[in-house]
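Below: the structure, in structure tokens.
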Amino acid sequence: MNAISHKAKQFLLVIIKLLVAGFALYYIYQQIETKKPDWSLIHQYLSWKHFCFLSILSFGNWLLEILKWQNLVSYFRKISFIEATKQSLGSLTASIFTPNRIGEYGAKALYYPKKDVKKVIFLNFISNTSQMITTCFFGLLGFILLQIKTSETMFWFVIKIKVSHIVIFLFLIIAAILLFRFKRIEFYGYSIEKLFAKIKDFPSNILVTNFQLATFRYLLFSHQFYYLLTLFDCPINYSIALGCIFLMYFLASILPSIHIMDVAIKSSVAVFLFTKFGIDEWKILTISTLMWFFNLFIPVGIGSYFVFRFKPYKE
């Protein structure tokens with residue numbers, strides 16, 4: 001019976017791996033069929049040298065994410081760069097169908113023994129939170145940049161504060177009050193108070209390195225977007241372009257979505273922002289599609305291989 005049970009588990013694992021990787025690859029195929037990018041038009045703006053350079057930027061983007069995970073896991077275990085790559089890209093593939101990549105928490109935990117599951121979930125929370133904080137910081141910076149660049153003076157910038165900005169500010173205050181009020185309420189053994197206490201006790205050197213890598217990664221893919229703007233001859237100056245890019249990523253990140261719909265949300269927000277500065281809509285849609293291709297299409301393809309090769313941790 002034990003042999004049958006073991007065979008059944010192995011068979012079930014193979015089916016799950018086939019489903020996850022198969023759905024991921026099918027999604028990629030569907031996205032390409034739906035978008036049907038005009039490669040002949042893209043070829044007018046993108047040479048093979050540009051394509052190679054964009055690939056290097058995407059490699060750097062995921063290199064930093066992998067190093068970020070390797071650094072965090074060093075909190076309780078040393079893992080190799082190859083192992084960190086398998087866990088980062090494999091969990092990406094497994095989580096693209098889940099809201100806000102929440103499936104990544106469970107996917108990464110499968111690489112570790114049960115006694116370390118809580119640690120892995122906590123580390124993944126730190127990883128995602130650091131990236132979110134970085135996105136919020138630069139999003140605010142982008143908002144200020146756009147306000148200053150589209151206003152005559154700093155005084156006029158202060159006068160132009162809209163009701164919507166005040167509403168957002170009040171919302172943040174209310175959210176902070178609620179977090180403080182309910183900080184001791186536990187959910188599955190976790191509470192906001194315990195979480196902050198755990199972060200406070202977390203090694204500061206690992207935390208600092210994590211934020212540095214998150215910042216470098218953010219600046220890398222933001223400038224990859226700007227580089228594409230220059231390749232497509234978009235008439236926009238550097239500061240306004242960065243303001244739009246920073247604000248775009250912030251607005252896209254606060255909208256709840258399934259990760260596979262991420263490109264649609266970013267494209268919509270990008271079109272809304274950049275068309276206000278005279279950029280053609282088709283150029284922004286093409287650039288957003290290329291960003292998706294380099295930073296999600298390729299990593300998910302590689303991650304599918306790691307999903308096929310995945311072996312659960314043996315106690």
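The values are calculated or read from the model by the stated rules, or taken from the named source; none is laboratory data. Here the structure is a predicted model, which is why all the values come from computation and not from measurement. Note that we place each Cβ from the backbone using ideal geometry, even for glycine, and neighbour counts take in every protein chain shown. Heads up: the accessible areas ignore ligands, DNA and RNA and are worked out on the full protein's heavy atoms, side chains in. Shrake-Rupley method; radii C 1.70, N 1.55, O 1.52, S 1.80 Å.
In region 271-315, of all residues being among the aliphatic types (A, V, I, L, M), in contact with a Ser or Thr (Cβ under 6 Å, 6 or more places away or on another chain) and within 25 Å of residue 65 (Cβ to Cβ), the one that is surrounded by the most Cβ atoms within 10 Å (Cβ to Cβ) corresponds to 307. Set side by side, the residues 216, 157, 196, 202 differ, and just one is open to solvent by less than 80 Å² (accessible area, probe 1.4 Å) and at pLDDT 55 or above, which is 202.
Of all residues being among the aromatic types (Phe, Trp, Tyr) and assigned to a loop (DSSP other than H, G, I, E, B) in region 63-117, which is farthest from the chain's Cα centre (by Cα)? Just the residue, please. Across region 63-117, the extreme among qualifying residues is 76.
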